[in-house]
Amino acid sequence: MKIALINGSPKGGPSNSGLLLEKLKPFITESNELTSYRVNVQQLKPEQYRELNEADVMVLAFPLYFDAIPSHLLRMMVELENHRQNEPGNPNLIVYALINNGFYEGHQCTIAADIVSNWCSRCGFRFGMAVGNGAGEMLDIKVPLGKGPLKNLGTAMTQLSTAILTQSSAKSLFIQPNFPRILWRLSATYFFWHRQAKQNGLRPKDLRKQPVQQDR
């Protein structure tokens, strides 16, 4: 089975979308042909669109942007839709989505999952399912998948990989880490935002300043 893994993060280096794909790979590698693609500022080449169109499974991994899909990935999806009109490709191609966002709640990804589903209908693809993951910055913690804060993600990856290996559809899952929301919020504030502020020459209280209204 040919499986295309598409990292739709705009970042040039490591990303949460890439982390999600790496956590998925061990579940689906055996006896399958995995090909990885990176879509950011640099768009895909014509032969890569041809490869995607002939794949058996496509996994889109991307961060949430304004409750939707990043523009560079959306452009790739439109190009693939156009390519599909000229070259029908694999009629049984099925698409899955791995979506991450910076909010705590995974259901923030619901609209983006619906967009992917609607796009599949336009292209003649089958939509398999989506996994929407909240508190994306916790993905890189040094805890085994399926344990501690990553317990829900481990369960979701098991269900997603089962759907991929059987090329079937399942109910989309929207999850958050097994970690108290209040502690997540405190960690994000003091260990992420305050650190970022300091690196940019700001103080914590500067983050709470209101923008100055300009007279018109």
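Projected over every direction and averaged, the convex hull enclosing the alpha-carbon atoms of segment 1-158 yields 8.7 nm². For segment 1-54, the Kirkwood hydrodynamic radius from C-alpha pairs, put into Stokes-Einstein at 37 °C and a viscosity of 0.692 mPa s, yields a diffusion coefficient of 272 µm² per second. Each residue of segment 90-102 was assigned a 3J(HN,Hα) from its phi angle through the Karplus expression (A = 6.51, B = -1.76, C = 1.60, θ = phi - 60°), giving 6, x, 9, 4, 10, 10, 10, 10, 10, 10, 10, 9, x Hz with x at Gly and Pro. Within the shell defined by Cβ-Cβ distances under 14 Å, the residues around Ser168 carry a net charge of +1, with Lys and Arg each +1 and Asp and Glu each -1. Between Ser9 and Val39, the built amide H atoms are under 5 Å apart, and every one of these is 5 or more places off in sequence or on another chain. Considering all C-alpha pairs of segment 96-145, those separated by over 15 Å amount to 50%. Close amide-amide hydrogen proximity is noted between Tyr96 and Met58, Val59, Leu60, Gly128, each under 5 Å apart and 5 or more residues distant or on a separate chain (H modeled in the peptide plane; Pro and chain starts excluded). Per-residue 3J(HN,Hα) values for segment 46-58, derived from phi via the Karplus relation 6.51 cos²θ - 1.76 cosθ + 1.60 with θ = phi - 60°, read x, 5, 6, 4, 5, 4, 4, 5, 9, 5, 8, 9, 10 Hz in sequence order (x marks Gly and Pro). Using only alpha carbons, segment 75-119 has a radius of gyration to Kirkwood radius ratio (Rg to Rh) of 1.08. The HN-Hα couplings worked out from phi for segment 18-33 by the Karplus form 6.51 cos²θ - 1.76 cosθ + 1.60 (θ = phi - 60°) are x, 4, 4, 5, 5, 6, 7, 3, x, 6, 10, 6, 4, 6, 10, 9 Hz, whole numbers, x standing for Gly and Pro. Calculate the FRET efficiency for Asn92 and Thr158 from the Cβ-Cβ distance with a Förster distance of 25 Å, rounded to the nearest 0.05. Efficiency, rounded to the nearest 0.05: 0.60. Using the alpha-carbon positions of segment 40-117, Rg (one decimal) and Dmax (whole number) come out as 13.3, 41 Å. Just in segment 114-158: which trypsin sites (Lys or Arg not before Pro) are loop by DSSP and have at most 11 other Cβ atoms within 10 Å? Taking segment 114-158 and a limit of 11 other Cβ atoms within 10 Å, the loop trypsin sites (Lys or Arg not before Pro) found are Lys142, Lys147. With R₀ fixed at 45 Å, the C-beta to C-beta distance from Glu33 to Ile141 puts the FRET efficiency at about 0.90. A convex hull fitted around the alpha carbon atoms of segment 75-164 yields 104 Å³ per residue.
Every read-out reported here was derived from the displayed coordinates using simple, explicitly stated rules and does not represent laboratory data. None of these values were measured; they are calculated from a predicted model. Cβ sites come from the backbone with ideal geometry, for glycine too, and all protein chains shown count toward neighbours.
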